[in-house]
Amino acid sequence: MRPIKKIPEKESLIILCDNYGEAGAINHYSAFKNIHAVSFSADYITWVNLDKQIKNVILVNSIEDDDPDRKVERPIFERVMKIGTVENKMAREYGTSVYLLENAKIDINARLRAEMKED
């Protein structure tokens, strides 16, 4: 697993979660590490800050993910890799996967704005 501190250009990083529970947990337990996760679910969609150009994404997807091979993201990032999975069978988010999407080839901010409009 690749630690976040090794990600190039953290200032251009967004952590995008499937649901507000995942985003809230990351924000709660990462409060002192200057990490902020967002989600398109519930009110979290209004907290997505697109003021800085995004090049790297940490994507948190639940076990119901319909694209575990990241076929959608592979053409738009230089590198896509799975960096973790929630393996504790007692965890509510058991099976959730974490991916690192590095060096976007397109304007991720514009893509996220379009997705936010749809939601």
Legend entry - Qualifying residues in the range 83-119 (those that are of a type in the set (Lys, Arg) and part of a helix (DSSP H, G or I)) - the one farthest from Thr46 (Cα to Cα): Arg111
Legend entry - Positions within the range 68-90 being acidic (Asp, Glu) and under 14 Å from the mean Cα position of the chain (by Cα), in sequence order: Glu73
Inset, instruction - Filter the range 45-82 down to the residues that are part of a loop (DSSP other than H, G, I, E, B) and of a type in the set (S, T, N, Q), then identify the one that is nearest to Glu118 (Cα to Cα). - result: Asn49
Inset, instruction - Residue by residue through the range 70-93, note down the ones that are touching a residue at least 24 places away in the same chain (Cβ under 8 Å) and open to solvent by less than 90 Å² (accessible area, probe 1.4 Å). - result: Arg70, Glu73, Pro75, Ile76, Phe77, Met81, Ile83, Gly84, Glu93
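Out of the residues in the range 26-60 meeting the condition of being among the aliphatic types (A, V, I, L, M) and without any contact (Cβ under 8 Å) to a residue 24 or more places away in the chain, tell me which one is farthest from Val72 (Cα to Cα). Please lay out each step first, then the result.
Going residue by residue through the range 26-60, those that are among the aliphatic types (A, V, I, L, M) are 26, 31, 35, 37-38, 42, 45, 48, 50, 54, 57-60.
Imposing the further condition that a residue be without any contact (Cβ under 8 Å) to a residue 24 or more places away in the chain reduces the set to 31, 37, 42.
Details: Ala31: 31, Ala37: 21, Ala42: 23 Å.
Result: Ala31.
Checking the condition within 21 Å of Lys52 (Cα to Cα), of a type in the set (Asp, Glu) and under 16 Å from the mean Cα position of the chain (by Cα), which residue from Glu64, Glu93, Glu102 passes?
Glu102
The values are calculated or read from the model by the stated rules, or taken from the named source; none is laboratory data. Quick caveat, the model's predicted, so the values are computed rather than measured. Heads up, the Cβs are rebuilt from the backbone with ideal geometry, glycines too, and the neighbour counts pull from every protein chain shown. Ligands, DNA and RNA are excluded from the accessible area calculation, which covers all protein heavy atoms including side chains. Shrake-Rupley method; radii C 1.70, N 1.55, O 1.52, S 1.80 Å.
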